[in-house]
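Enquirer: Dropping the structure in here first, questions after.
The values are calculated or read from the model by the stated rules, or taken from the named source; none is laboratory data. Computed from a predicted structure; not experimentally measured. Neighbour counts are summed over all protein chains in view; Cβ atoms, including those assigned to glycine, are modelled from backbone coordinates with ideal geometry. Keep in mind that these areas ignore ligands, DNA and RNA; they rest on the heavy atoms of the full protein, side chains included. Shrake-Rupley method; radii C 1.70, N 1.55, O 1.52, S 1.80 Å.
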Amino acid sequence: MEFGLGVGDEEFRAEARSWLSAHVDGALERRSWERILGKAGWIGLSWGETGYGNRSATLTQQVVWAEEYARSGAPTRSGHIGENLLAPTLLAHGTDEQRARFLPPVAAGEELWCQGYSEPGAGSDLAGVSTRAERAADGTYRITGQKIWTSLAHEADWCFVLARTEAGSVRHHGLSFLLVPMGQPGRIEVRPIRQMTGTSEFNEVFFDGAHARADHLVGGEGAGWGVAMSLLGFERGVSTLAQQIGFAGELARVVRAAVDSGAVADPVVRERLVRQWAELRVMRWNALRTLGGSGDAGAPSVAKLLWGGWHQRLGELAMLVRGAEAGVGPVEWSASAPYELDDAQHLFMFSRADTIYGGSDQIQRTIIAERVLGLPREPKGVV
C-alpha cells in the first residue's frame, strides 16, 4: 500500500525540497524559524481555504511536505501545537471572532501555544482534571490549579486549558476549554522538569488566579470534554507519516552501528533489526490506511500503541549493538559538561517515556476495549 502522487504533487515536492535546502540552517533559533516558515506560507497547509493567512494544500501535498521536512533535518517545530492541535479545534468548535484573532498569528509563526491537559492527580485520565476556572464579577474566568508535562510551556505565548467550571462536577461533566495568555506574572508560574536526558522540554505550570476572557471560551461552558476529545483526534495522520521518516533515519543509524561493532553477526541481533524494519513498514501502512479518515475512535490509540513500543524497543536495540561502549559518553566529563549524551544514548533515555506520555499504553488499551470493542467499562474504585 503506497500513497499515489500526481504530477502536481511531484512539482510541489520539488518546490518544498528546494525551499528547505535554501533555508534550513542548524544555527537557527526555533522561534525565528517559525516566523521564516510563516512568511513563506508553509504553516497551516491542512486548514483548507480559510483566509487566515495560511497556504492551502491537498492531502497528498501535506504528506509530501511532512516527508521533505523530516528528510531535510530542519529544526524541531515549536509551533506544531498551535498549527496542528489548536487551529483544527478552533475551525471545528471556535467562533468566527476566535478564528480571526488566533489563526493568523499561528499562520505567521508569531504566537506559540502549549497544551494544559495533564495534571499530577489525573495523568492520562482527563476526566480526573481538578483545575478550577471560576467566573468573576467582571465576566472573566479565574483559573487555579496545576498542569504537568506541559510541552514547551517555557516558550509559549498561550495555553489552551481544560478546567472545571462547574462546582461539584465530576468526571467528564462540567469541564470547559479556555484560551489563556501565559504572560501573567504572579498568576502563572512555569517550572521546567529536568529529565534523565538532561533536557527540559516538559514543564509544570501553576495557575494562581490566572485570567481568561469569557470570549476565549471555546465551544461553550461545560462543553470542554467534547472539545478536548475532538482535539485528541487531530493527533494523527500526516504528522505520523513525518514521524516515521525520522524513525527510519534512527533505525538506519542503529543498523550502521551494528555493522561497525560487529553485532550484526549475532543472529538474534539480526532478527531484531529485521523485526524493527518490518514493524516500521506496518506502521506506515496503518497510517496510510487511516489518513484523512474520521469517526474511527480507535485509530489514534492503535497508532500510539504501535509507535510508542516500537520506538522504545529501538532505543534498547541501539544500546545493545554498541555493547560496553554504550555506557561511555561522547566527551570527557567536566564541570562544564557533566551530562553529555550522544544521539543513541539520548534515543534510549528519551524513548523510555514513549509508552507513558500522550496517553499511557494502559489508557490506550482501555479506549480500544471500551469504545471500539464495546467491552464493559472497568468498575470504578477497584484497585
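Enquirer: What are the pairs with Cβ atoms under 6 angstrom where one residue, in segment 350-362, is closer than 16 Å to A318 by Cα and the other, located anywhere, is modelled with pLDDT under 85 and part of a loop (DSSP other than H, G, I, E, B)? Sequence gap at least six, or different chains.
Expert: F350/T197
Enquirer: Any idea which residue in segment 12-28 is surrounded by the most Cβ atoms within 10 Å (Cβ to Cβ), counting only those that are under 23 Å from the mean Cα position of the chain (by Cα) and at pLDDT 85 or above?
Expert: A16
Enquirer: Right, here's the next one. When the residues of segment 88-146 are narrowed to those that are among the acidic types (D, E) and farther than 30 Å from G51 by Cβ, which ends up modelled with the highest pLDDT?
Expert: The extreme case among them is E134.
Enquirer: Any idea which residue in segment 168-182 is surrounded by the most Cβ atoms within 10 Å (Cβ to Cβ), counting only those that are at pLDDT 90 or above and over 12 Å from T131 (Cα atoms)?
Expert: V180
Enquirer: State yes or no: is L91 over 18 Å from L231 (Cβ atoms), assigned to a helix (DSSP H, G or I) and among the aliphatic types (A, V, I, L, M)? Give the derivation first.
Expert: Values: over 18 Å from L231 (Cβ atoms): no; assigned to a helix (DSSP H, G or I): yes; among the aliphatic types (A, V, I, L, M): yes.
When the stated conditions are applied, L91 does not pass them.
Enquirer: For segment 127-165, how many residues meet the condition of being more than 19 Å from I81 (Cβ to Cβ) and in a loop (DSSP other than H, G, I, E, B)?
Expert: 7
Enquirer: Right, another one. Working only within segment 275-288, note down all residues that are open to solvent by 30 Å² or more (accessible area, probe 1.4 Å) and either not in a helix (DSSP H, G or I) or not aromatic (F, W, Y) (or both).
Expert: Result: R275, A278, E279, R281, V282, R284.
Enquirer: When you look at T76, is it in a loop (DSSP other than H, G, I, E, B) and surrounded by 22 or more Cβ atoms within 10 Å (Cβ to Cβ), yes or no?
Expert: In short, no.
Enquirer: Out of everything in segment 86-140 that is touching a residue at least 40 places away in the same chain (Cβ under 8 Å) and hydroxyl-bearing (S, T, Y), what residue ends up being most open to solvent (accessible area, probe 1.4 Å)?
Expert: T95
Enquirer: Go through (1) under 25 Å from L288 (Cα atoms); (2) at pLDDT below 90; (3) open to solvent by 30 Å² or more (accessible area, probe 1.4 Å); (4) out of contact with any Ser or Thr (no Cβ under 8 Å at 6 or more places or on another chain) for R272 and report which single condition fails.
Expert: Going through (1) under 25 Å from L288 (Cα atoms); (2) at pLDDT below 90; (3) open to solvent by 30 Å² or more (accessible area, probe 1.4 Å); (4) out of contact with any Ser or Thr (no Cβ under 8 Å at 6 or more places or on another chain) one by one, R272 breaks only (2).
Enquirer: Mind telling me which of the residues R55, R17, R77 ends up being free of Cβ contacts under 8 Å to residues at least 60 places away in the same chain, over 24 Å from L91 (Cβ atoms) and not acidic (D, E)? So that I can check it myself, show each step before the final result.
Expert: On the way: R55 fails: over 24 Å from L91 (Cβ atoms); R77 fails: over 24 Å from L91 (Cβ atoms).
Criteria check complete, one pass: R17.
Enquirer: Please specify each residue of segment 141-157 satisfying the condition of being without any contact (Cβ under 8 Å) to a residue 60 or more places away in the chain, more than 19 Å from M229 (Cα to Cα), touching a Gly at 6+ places or on another chain (Cβ under 9 Å) and open to solvent by 20 Å² or more (accessible area, probe 1.4 Å).
Expert: D157
Enquirer: Could you count how many residues in segment 29-54 are open to solvent by 50 Å² or more (accessible area, probe 1.4 Å) and assigned to a loop (DSSP other than H, G, I, E, B)?
Expert: Counting residues in segment 29-54 that are open to solvent by 50 Å² or more (accessible area, probe 1.4 Å) and assigned to a loop (DSSP other than H, G, I, E, B) gives 4.
Enquirer: Right, another one. Can you spot a residue in segment 320-337 that is in contact (Cβ under 8 Å) with a residue 24 or more places away in the chain, farther than 30 Å from T58 by Cα, among the hydrophobic types (A, V, I, L, M, F, W, C) and in contact with a helix residue (DSSP H, G or I) (Cβ under 6 Å, 6 or more places away or on another chain)?
Expert: Yes.
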